[in-house]
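Heads up: the structure comes next, in structure tokens.
Just so it is clear, none of the values below were taken in a lab; they were calculated from the coordinates. Here the structure is a predicted model, which means the values were calculated and not measured. Counting neighbours? That spans all protein chains shown, and the Cβs are built from the backbone with ideal geometry, glycine included.
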Amino acid sequence: MSITQKDIAKLSKLAKININDKDKELVIKKLDGILELINAMQMVDTKSIEPMSHALDISQPLREDTQTEFSNKDRYLELGPDSNEDYFIVPRVIE
Amino acid sequence: MKNHLTLKQLQNGLQNKDYSSVELTNYYIDQINKYNNSVNAFITVDYEKSLAQAKLADEQLKLNKSSDLTGIPIAQKDIFCADGWRTTCGSKMLDNFISPYDSKVVELFNQSGAINLGKTNMDEFAMGSSNETSFYGNVKNPWNLDCVPGGSSGGSAAAVSSGMAPAATATDTGGSIRQPASLCGLTGLKPTYGLVSRYGMIAFASSLDQAGPIAKTSEDCAMMLNVMAGHDHRDSTSIKRDKLNYLDNLNDSIKGKTIGIPKEFFNSDLDEDVKKVLDRVIDEYKLLGVNFKEISLENSHLSIPVYYVIAPAEASSNLSRYDGVRYGYRASDYQDIENMYLKTREEGFGDEVKRRILVGTYVLSAGYYDAYYLKAQKIRRLIATDFKKSFSECDLILAPSSPSTAFKIGEKKEDPVSMYMQDMYTISTNLAGLPAISAPAGFINNMPIGFQLIGNYFSESTILNFVHEYQKQTGWHQEYPEVR
């Protein structure tokens, strides 16, 4: 199976990464190589096998559902490319 | 002062007042000034901060309030957030990011009185096996400056190998501690998944990422792990266990123990020179009374395909946070918010990172989830089960650390699949969550290469014991390059 121009447009949109037209061929070629590598998995019959989602095969511990204090707000806001008082500024999203 | 002292020797030197922490820190600063231009192992140094820590350490040492690493400079991989330090993860995306908090690992080193010597270069977001994907230029192998140091912890390995740092922190998602340790002639330990907190360690593939040390000896790795290991409530995958002293069992006898030899790793695909080196490791362990037994890891050939589904899938999710809104890079020219995301991520990420995000997005996208991600998780269980069975037959498993010695800079850069093969002997342990070490095994054409020992869950003490016994009998770990 090979990645198409249509696939790459969809992936670019989903991953929110712009891909220039001039780079598309090369991106497709390299992605195809990787897909060929991972398709070796398809030879294995895994019908009766449970998926393993945790490296130690244990379930995720849960913490108490309590509020935690956060006191370092100003330093975090300063990191934003654009911020004002308690907000990060982004381009207008509602007309 | 002598070059290439171990942590143990430095601890003794500080306790005996042969030198102060300030003098020691200044010594390593001199080494960095001398060698970093040619090796490029550090992205950020802040001598003022390091020396301020050293002054405090000297006070602790005077008051005899010190712990093993008090006053010793340690290099930190630039994946660990450190309060007030620029923390880039090797990416343009975080070029301007000054961390507002400490990762758990950095916090623990600070508490131990160790000095943060600086932040080491790495493949961008830890995605790479050669350090060539770093936004800050490739690191060079101190043994041969035309060669790669391995990756992704190549800066950490090159810093220690060249004598710019006595030890360094590192992380291993598919081999990123063990492969550079092998290629730079060092000892590097990837602990059991969950032993070291991932809090503040910039995420790549969260079900695989694990922090560990790169150092000169097994004993030094034990000293580092004594600081790094421990439960942390801020990492929900961190395991609650009693804290061990990894120095306690270093000198235990290994006579009568068994090392398994996986036939799938010692087949005709194994490079002949690497095999010769490993045969010598086997002979040396036999002299120590260790038995060898052939075992089978029959699904190990599926590790790379499975990894290149699971790791990019998790990365595509983890790296969605880099959107140009709250921190890091934002494109300067955009029309609307959608366009800002698209351009920020196009310009802020390098090619390999973008490639892995796209692969991860593909395997998780509608219609493909079962065929890729779910399938990979199922085979991951088969791989883990092979190890489980094997550990009923042996104490540890011997494997190559890397398929070859360090390759030339640029040699594999344009062919991602051939680069991915670098991790063919290391990836299966990440998928299973097991601990493994790489330690120096000798040289091929004057370039170092390591051997790998893989252990059962939480068997770090046994692994360190086996390598310490080996290093008492051999001198490969005491060979250092002359950087020109």
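For this structure, a couple of remarks:
- Under 21 Å from the Cα of B:Lys293 - lysines, other chains or at least 8 residues apart: B:Lys255, B:Lys257, B:Lys263, B:Lys275, B:Lys276, B:Lys388, B:Lys389
- Cα shape, the protein assembly as shown, gyration tensor, a/c 1.5 rule: oblate
- Helix content alone sets the calculated 222 nm mean residue ellipticity of chain B: runs of n ≥ 4 DSSP H residues at -39500 (n - 2.57) each, divided across all residues, give -11500 deg cm²/dmol.
- Flagged links, alpha-carbon separation over 27 Å, of B:Lys55/B:Lys240; A:Lys73/B:Lys65; A:Lys13/B:Lys375; A:Lys73/B:Lys55: B:Lys55/B:Lys240; A:Lys73/B:Lys65; A:Lys73/B:Lys55
- Phi angles across the range B:72-88 convert, under the Karplus curve 6.51 cos²θ - 1.76 cosθ + 1.60 with θ = phi - 60°, into 3J(HN,Hα) values of 9, x, 10, 7, 10, 4, 6, 9, 9, 5, 9, 3, x, 9, 5, 10, 9 Hz, Gly and Pro given as x.
- Formal net charge of residues neighbouring B:Ala54 (Cβ-Cβ distance under 12 Å; K, R +1; D, E -1): -2
- Magnitude of the charge dipole, chain B, Cβ model with Lys/Arg +1 and Asp/Glu -1, debye to 20: 600
- Split chain B at each of the GluC sites (Glu not before Pro) in a DSSP loop with at most 11 other beta carbon atoms within 10 Å, and the longest piece is B:1-413.
- Each other residue within a Cβ distance under 13 Å of B:Glu469 adds +1 if Lys or Arg and -1 if Asp or Glu, for a net charge of 0.
- Ranking of B:Cys89, B:Cys81 by count of other Cβ atoms within 10 Å, fewest first: B:Cys81, B:Cys89
- Here's the picture: charge each Lys and Arg Cβ at +1 and each Asp and Glu Cβ at -1 in the protein assembly as shown, and of B:Ala57, B:Met447, A:Pro81 the one pushed furthest to the positive end of that dipole is B:Met447.
- Working from label points 7 Å from Cα in the Cα-to-Cβ sense, the B:Asn291 to A:Leu62 distance is 4.8 nm.
- Put in order of Cβ neighbour count within 10 Å, fewest first, the listed residues B:Arg355, B:Arg234, B:Arg345 become B:Arg234, B:Arg355, B:Arg345.
- C-alpha center-to-center spacing [the range A:11-59, the range B:428-452] in angstrom: 27
- Amide H contacts under 5 Å for B:Gly118: B:Gln76, restricted to partners 5 or more places along the chain or on a different chain, H placed in the peptide plane at 1.01 Å from N.
- Relative contact order computed over chain B (Cα-Cα under 8 Å; 6+ residues apart), in percent: 18
- Other residues with beta-carbon under 10 Å from the beta-carbon of A:Met41 carry, at +1 per Lys or Arg and -1 per Asp or Glu, a net charge of +2.
- Multiplying the residue separation of B:His301 and B:Thr385 by 0.36 nm and removing their Cα-Cα distance gives an extension gain of 28.8 nm.
- Links that overshoot a 28 Å alpha carbon limit, given the list B:Lys8/B:Lys77; A:Lys47/B:Lys413; B:Lys34/B:Lys77; A:Lys30/B:Lys104; A:Lys29/B:Lys408; B:Lys2/B:Lys408: A:Lys47/B:Lys413; A:Lys30/B:Lys104; B:Lys2/B:Lys408
- Taking packing as the residue-averaged number of other Cβ atoms within 10 angstrom, the listed peptides B:26-35, B:8-17 run from highest to lowest as B:26-35, B:8-17.
- A straight line joining the Cα centroids of the range B:93-151 and the range B:193-219 runs 13 Å.
- Magnitude of the charge dipole for the protein assembly as shown, about its Cα centre and with charges confined to Cβ atoms of Lys, Arg (+1) and Asp, Glu (-1), is about 400 debye.
- Test item: B:306-318 mean partner chain Cβ contacts at 10 Å: 2
- In a fully extended conformation the segment linking B:Lys472 and B:Leu56 would gain 146.3 nm over its present Cα-Cα distance, using 0.36 nm per residue.
- For a paramagnetic label modelled on A:Met43 (point 7 Å from Cα along Cα→Cβ), amide N atoms under 19 Å away belong, within the range B:253-297, to B:263-270, B:296-297.
- Helix A:5-15 vs. chain A, principal-axis angle (Cα, 0 to 90°, nearest 10): 30
- Amide hydrogen proximity for B:Phe451: with H placed 1.01 Å from N in the peptide plane, the residues at 5 or more positions away or on another chain lying under 5 Å are B:Ala439, B:Ala441.
- The mean number of partner chain beta-carbon atoms within 10 angstrom of a residue's beta-carbon across peptide A:23-31 is 3.
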